Structures are given as C-alpha cells and as structure tokens.
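Shown next, in structure tokens, is the structure this report addresses.
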Amino acid sequence: ASSRPIMLLVDDDPGVLGAIERDMRSRYGENYSIVPISRGGEAIETSKELKRRGSEIALFLVDQRMPEVTGLDVLKATLAMYPDAKRVLLTGYADTQVAISGINEAELDYYLSKPWDPPEDTLYPVIDDLMDDWAAQFRMSSPDALRLVGHRWSAEVAELKDFLLLNQVPYRFLDIDTDPEAGALQAALEEQSERPTVVLADGQVLNSPDRRTLAAAVSLNVVTENPYHDFIIIGGGPSGLAAAVYAASEGLTTLVVERWATGGQAGTSSRIENYLGFPNGISGADLARRAGAQAVRLGAEIITASEVVAVDLEEPMRVVTLADGQELRAKTLLVASGMTVKTLPTPGLDRLRGSGVYYGAAPGEARDYAGESVAVIGGANSAGQGAMRLARHCEVVYVVVRGHSLADGMSDYLVKQIESTPNIEVLTGSTVTEVNGETRVEGMRVQTGSDVTDYPVSGVFVFVGAVPHVDFLGGLLDLSTDGFVLTGPDLWDDDGVLSPNWPLKRPPLFLETSVPGIFSSGDVRYGSIRRVAAAVGSGAASLSFVHQYLGTL
C-alpha cells in the first residue's frame, strides 16, 4: 500500500493535465502522492488497482469533458470504492448543470471552472478546505487510534462509541465475540471483564470509563482554569458556537460548556444540504469541527463532557454549577442547550436500547450494520438523513412513517433521494408495535392499517423528535407549557401583561429571558425555527443584546 494518500488527477488534455499536476505537486506533493491520468476509463481501472493494493485516495480532481468516459462517469464509478474521498469536477462555463447533477448523483464536493489561475486564489483555498475535512475523517481510522474492547450489543459500548465519534476521536472497536485481537488484548491486559475496556495509544487502560474520564484521557478540555467570564454559553451546538465566535471576536471572555460533543444534534447529521454557502452540503461533523476551531482561534474556551446541573443568581453574577461541583460565574449567560431525544413506549425499545435500538444515528453506526437489514422510525429530515447514511452500507433500510407520505414532514430533496435509492423501502401509514429479541434486536412487528407484518431487522434507529433540555434550570426561568425557554416578546401573555418574574422597569430585550442578563437561542428557545441557519443566526444575534445588557451594569 502507498504510504501517502493519493490525489488522482484526470484530464485528457495534456496541457491542462500538466498544468494541474504542476500546481498540485507544488502545494501538496510533500504530503500526498500526485497521480496524473489522461483517460477516464484508465482512471477507473487505476482506482480498482489502488483499492486492491490497500492504497487510500484522498481526492479525485477530474475534468468533465473527456471522450468515452466523462468526469462524472469516473466519479460515479469510484464512489463505492472510495466513499470518503473528496470529489472535484473541472468544468467549462457551459457545464454548470452537469456539475449540479453531480452533487446529487456522485456526491460531488466542488466544481471548478477552467481556467483556475491564479491557483493561490481559486484552486488552493478549495482544495485546502476539502483536505482538512478529509484528514479529519481519515484520522478516525488511524492505526494509532485508541482501542475500544467490548461486546457489540452492549449499551455501554454504544454510548462510548457515540461519544468518541461525535467528538471525532479516532478509535478501533474490537468485538469480544468475533475479533481474535480482542481476546489477545484482554489476555495481555489480564482483563476478562464483560464491561468495555478502552486502551489508549500509550498503553493506558480505562475500565468502563464514564464520558468525563474518557474525555480527559483523550485530551479533550473538561475543566476551565478561570471560574470568571464575561459570557458563559450553555450548549455547544450551532447556536452556542455562533455566539462564541461573535463574543470572542468582540473581546468578551467567553466559555462554552457542552455536556456531550460540540455540534449538538446538527453534529450527527450525515449531510446538511440546505445551509447557505455549501451547495454540495456539509456534514454535521465537519461543520462542528470548523465552528469549534473558529471559536477557539478567536479566543473562546470550550469544555466538553461537562454537565450543567444548576443555574443560580448571585447578583451581579450568574452562577453555573457543573456536575463535578465546580462553580463558574459570569456577567451574562446564554442558554443554548438544545434538545434531548424523545423516547417511544413501544415494547422492546427501552429493553434493547444500545443493543440494536438507537435514538438517532451517529456516523459510525452505519458501518456496523453493513450487509444487514435495519429500520428507521420517523418521517422528518433527521430520519431521512439517517436512512440515506444507513443505505450506503445496509442491505435493506425500512423507513416506518405514521403519515401517508414522506412529503408530509420531510424536505423535497430528501424525499427524492430516498425514492431513488433502491435498498430503501418506505412503509407509510405504519407503526412499529413491538421490537423483538432476547439480548439484541432480531426483528420488529409493523402494523399498517389492519395488517400486521414481521420484519427481520438487526437495528432500529428512532427519529421521533426531541424535547427541550432545561432540567438544569430548576424553575429559574419562565418556560412555555411544553418546556421551551420564553424570551423577549413571549414574556407578555395574550392580554399584554408582562411576566411577574421580570424585575426591571425596562422591557426585556429580544432574546432575554425572564431573568435579566440571561439570554436564550437555538432550538431550546420558544418559537425558534428548527434549522441550522436559524440557530446560527439567533446565536450570533444574541451578542447585540448581551452588549446592550452589559452597558446597563
């Protein structure tokens, strides 16, 4: 296998191929093997040979207008072989529609119009960005990754895998039941526990670690040295990260407290297709990584695996208490804690949770079910995205929807993708009435009208909405009847009477809660629009009101 990942360049014009090879080699030749090819058919055969050798292709940079085999044909033919490689199409000005089709058909990441001169302005920024994303994903399969040893059907293992994946920590899972390396490692460690074991690259062993212990062991930031800040943000989803970027850039000492992983629910999305400025879509993991890095670069601090258990007032400070007992103080707070998954009472779901039943789908779980049949319960965008991700690996994906059409709750682009995916079967007007299995999921029973059918599935992924994550507030803030945080105009009732809990003569600011100096944004706020762009917008907008409040102190 090649020791360096490969950039495959394909163009039938010798002059263009020479120019792109020269530009790419001068910028990336130190870290990547640059392989130029002059024909589309040869590129496909070369890709097959490289796959047989175990070589890794990081980038396909392919010209569209080639005889016999077009650039788009090359990208489609190599998609199954190298699903994680980045794909860029070189086009003429008349090929824009072809490129847009490529986004949907060949998971095209970008298209560049020729000529690309100067490369410093039009070529390198695009490739740099794509390679950063690829390297972050490729790092997840690093041979130096930590090893997680346990049973595939263990709920505790499932939680640890989710945590590692969403925090983009490279790991290899060794199944005690099927992987010889797992038994050999246990023997070397003299560790025969049924509970999961984590072995770090330096040999350190963690037996059944909680997420905070694991986070600290893999060098995630779990504590802050400074207990005082201008601005504390509870929640590291898109809204909280947007607020952190703006707050830090405007000179406020800023801390983000995240209980699980930066990115929030959006971080679990395989592909966010409708976020402005990303015509080919962007994965939730990439968006989370970029936003977190941006916030830290501008001066914000982020602590992970840190659960907020209480918020109190100690005028003029707002006090945040963490699960480990640490108390943090700030002049202003932003509650951007997002949502907690809603569970279903269906028989078997609770008993088998983590043993084939999952609420949501982290990116790595799809690979765990390669060649198997699974079910997705739900009809919103998150369910559609989960089904598409699973369909890349699973033999059959059943999508079980209460409504009579996917279009009732899912974006049109997702409905079309699902309809064109042959191994996804949609069961409309249907309900899962039971999930079966002794120690793991072995099947489900589905009722459609008066008909009841049993389906042999090994995994059930539930996407049925979420509830606001507000338990830690302990009644401090005014909430709506369904638990969302009330802010600004919503603190007045229908008769125009302001909340009796509001203590000041001035009216509350737009994103301000019933406690002055505590603001809310994102999905946890009453009346929010549940879109990534809206969450980012409200998080960014909160800074205007934070500054107005600070000006009154």
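The values are calculated or read from the model by the stated rules, or taken from the named source; none is laboratory data. Model, not experiment: these values are computed from the prediction. So basically every Cβ, Gly included, is an ideal-geometry build from the backbone, and we count neighbours across all protein chains shown. For the accessible areas, the whole protein counts, side chains as well, though only heavy atoms, and no ligand, DNA or RNA atoms are used. Shrake-Rupley method; radii C 1.70, N 1.55, O 1.52, S 1.80 Å.
Model label sites at Ala216 and Arg25, defined 7 Å from Cα along the beta-carbon direction, differ in position by 5.1 nm. Run down the aspartates and glutamates and flag those whose C-alpha is under 19 Å from the C-alpha of Lys416, throwing out any fewer than 8 positions away in its chain. Correct list for Lys416: Glu105, Glu107, Glu273, Asp408, Glu425. In straight-distance terms, cross-link reach from Lys86 covers every one of the lysines whose alpha-carbon lies under 21 Å from its own, apart from those fewer than eight places away in the same chain; here that gives Lys48, Lys51, Lys76, Lys114.
Can you pull out the GluC sites (Glu not before Pro) in region 162-214 whose DSSP state is coil and whose Cβ has at most 16 other Cβ atoms within 10 Å?
On the way: sites: Glu181, Glu190, Glu191, Glu194; in loops: Glu190, Glu191, Glu194.
In loop regions of region 162-214 (DSSP not H, G, I, E or B), the sparsely surrounded GluC sites (Glu not before Pro) are Glu190, Glu191, Glu194.
Farthest towards the positive end of the charge dipole of region 405-535, among the residues Val485, Pro456, Gly517, is the Cα of Gly517, using unit charges on the Cβ of Lys, Arg, Asp and Glu.
Among the listed options (i) 22, 56, 21, 1; (ii) 19, 39, 30, 11, 0; (iii) 19, 49, 29, 2, the one matching P(r) over Cα pairs in 20 Å bins from 0, in percent as calculated from these coordinates is (iii). Each residue, Glu425 and Ala533, gets one label point 7 Å from its Cα in the Cβ direction; the gap between the two is 3.7 nm. Per-residue extension of 0.36 nm, minus the Cα-Cα distance of Val205 and Glu395, leaves a gain of 64.8 nm for this segment.
Taking the 0 to 90 degree range and rounding to the nearest ten, how far is the long axis of helix 532-550 tilted relative to the main principal axis of the chain, both from C-alpha atoms? With rounding to tens, the tilt is 40 degrees. For the chain, the solvent-accessible area with a 1.4 angstrom probe is 44 square angstrom per residue.
Of all the accessible heavy-atom surface of the chain, with the other protein chains kept in place and a 1.4 Å probe, what percent is carbon and sulfur? Don't skip to the answer; put the middle values down first.
Working: 12230 of 24210 Å².
Carbon and sulfur together cover 50 percent of it.
Could you calculate the contour length gain from Glu315 to Phe510, that is, 0.36 nm times the residue separation minus the distance between their Cα atoms, to one decimal place in nm? Full extension of this stretch gives 68.0 nm more.
Relative to the longest principal axis of the Cα atoms of the chain, the long axis of helix 14-28 lies at roughly 40 degrees. In loop segments of region 62-146 as defined by DSSP, the GluC sites (Glu not before Pro) with at most 14 further C-beta atoms inside 10 Å of their C-beta are Glu68.
As a check on your grasp of the helix formula, calculate [θ] at 222 nm for the chain: sum -39500 (n - 2.57) over DSSP H runs of n ≥ 4, divide by the residue count, round to the nearest 500.
Here the helix-only value at 222 nm equals -9000 deg cm²/dmol.
Axis of helix 96-105 versus longest Cα principal axis of the chain: the two differ by about 80°, to the nearest ten degrees.
Rounding to the nearest 20 debye, state how big the charge dipole of the chain is about its Cα centre with +1 on each Lys and Arg Cβ and -1 on each Asp and Glu Cβ.
With only Lys, Arg, Asp and Glu charged at Cβ, the dipole is about 260 debye.
Sites listed here are trypsin sites (Lys or Arg not before Pro) in region 446-537 whose DSSP assignment is loop and whose Cβ has at most 13 other Cβ atoms within 10 Å: Lys505.
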